[in-house]
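The values are calculated or read from the model by the stated rules, or taken from the named source; none is laboratory data. If you're wondering where the values come from, they're calculated on a predicted model, not measured in any experiment. Cβ placement follows ideal geometry from the backbone for every residue including glycine, while neighbour counts extend to all protein chains displayed.
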Amino acid sequence: MSDWAQELGFSQVGVAGVDLSGAEPGLMQWLAAEFHGSMDYMAAHGLKRARPAELVPGTVSVITARMDYLPRDTPDDWQDAELARLGRPQEGIVSLYARGRDYHKVLRSRLQKLQDRIAAEVGPFGHRVFSDSAPVLEVELASRSGQGWRGKHTLVLNREGGSMFFLGEIYLDLALPPTEPVSDHCGSCRACIDACPTGAIVAPYRLDARRCISYLTIEHHGAIDEELRPLIGNRIYGCDDCQLVCPWNKYAQRSSLPDFDARDGLSGATLVELFGWSEEEFLRRTEGSPIRRIGHERWLRNIAVALGNALAALPAGDAQREALLSALRTRAEHPSAVVREHVRWALER
């Protein structure tokens, strides 16, 4: 199975059982603390996340797979190069994973092909394929099946691959022998906790999504808390900071697929350029991209915050300020109250 998976672009596969009862108390505590914010679907599905056989009746095993996503031309000093973007406040930063094709589509398609290969060998069997698309405890399943261990930032870490990879699962009604889990190798390191711009990692292995920049710029609808806006900096879609400082990511691997190569305009573009995209241009440029799902309104909201932060970073007499102010003024009368409010805040910066 490993050879088939590698041919399809996966870096590792494993097998987990379906008894995740040990994860249920932690899940319920996280939900009770309301750390899921406005992601109501997290609470709606409740314990079904920790009970694979309830989600897909008949499931007795779960195949887990991970796929590296660093673009093929990623330089060796990529962590430093990405951190340097934070020092260029007029540049808009899109998370590395989102600069190429939508990973949901890539993983689901290739997981289905992997399932087809297995079925051709052993005969038909019941299955469902998932990739961040259903109430699935992906990190729990991945860590139980030996894909790595849960890092203090709550992402899976692998000794040979860091954390720059996607996860996917095949729920199946075949009883397969589980693969061995690996031990935790974070030790006393707390680099990810210290680097989080908003303090969203409230304790080791515990994330308050309501403060996470990835949540705020992607999942969260409506206005962003004013207290958090200055902390977002120039991150307009997601945030990689906890991964950029992680020592294990010096082992992160490049993808073998062209799907995750960065698209033109999503790496190194200025905030003024990106803020100028009409809705039509936004939809065209983000076709087949995970970014499209936030819609043009949230795209403008996020960039307005970043433009405000760029204005605050430039000294009063700086000639570059005028371009930022002019861009913001073009959206001052936008039909969306959310966009108008964030533009108004940015102009006051």
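Laid out as a table, the results:
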read-out	value
Subset of region 195-209 [part of a helix (DSSP H, G or I) and over 21 Å from E140 (Cα atoms)]	A195
Filter result (part of a strand (DSSP E or B) and not charged (D, E, K, R)) within region 148-194	W149, V156, L157, N158, G162, F165, F166, L167, G168, I170, Y171, L172
Region 202-237, subset among the aromatic types (F, W, Y) and within 30 Å of L347 (Cβ to Cβ), residue surrounded by the most Cβ atoms within 10 Å (Cβ to Cβ)	Y237
Matching helices (runs of 4 or more DSSP H) fully within region 47-146 where at least 3 residues are farther than 27 Å from L307 by Cα and either in contact with a Leu (Cβ under 9 Å, 6 or more places away or on another chain) or not aromatic (F, W, Y) (or both)	52-55, 103-122, 138-144
Boolean, E226 is out of contact with any helix residue (DSSP H, G or I) (no Cβ under 8 Å at 6 or more places or on another chain), within 29 Å of V339 (Cβ to Cβ) and of a type outside the set (A, V, I, L, M, F, W, C)	no
Tabulated pairs, region 8-30, first on the phi < 0 side of the Ramachandran plot and part of a loop (DSSP other than H, G, I, E, B), second surrounded by 18 or more Cβ atoms within 10 Å (Cβ to Cβ) and among the aromatic types (F, W, Y), C-beta under 8 angstrom, 6+ apart or interchain	S11/F165
Meets criteria (surrounded by fewer than 20 Cβ atoms within 10 Å (Cβ to Cβ), farther than 30 Å from E91 by Cβ and touching a Gly at 6+ places or on another chain (Cβ under 6 Å)) for D184	no
Which listed residue, of R329, R284, R301, is more than 27 Å from the chain's Cα centre (by Cα) and modelled with pLDDT of 95 or more	R329
Among (1) more than 18 Å from T217 (Cα to Cα); (2) assigned to a helix (DSSP H, G or I); (3) touching a helix residue (DSSP H, G or I) at 6+ places or on another chain (Cβ under 8 Å), the one test that A332 misses	(2)
In region 138-154, residue nearest to G14 (Cα to Cα) [restricted to those that are among the aliphatic types (A, V, I, L, M) and crowded, with 22+ Cβ neighbours inside 10 Å]	A142
Long-range neighbours under 7 Å by Cβ, at least six apart or interchain, first residue at positive phi within region 275-296, second surrounded by 13 or more Cβ atoms within 10 Å (Cβ to Cβ)	G288/R101; G288/D102
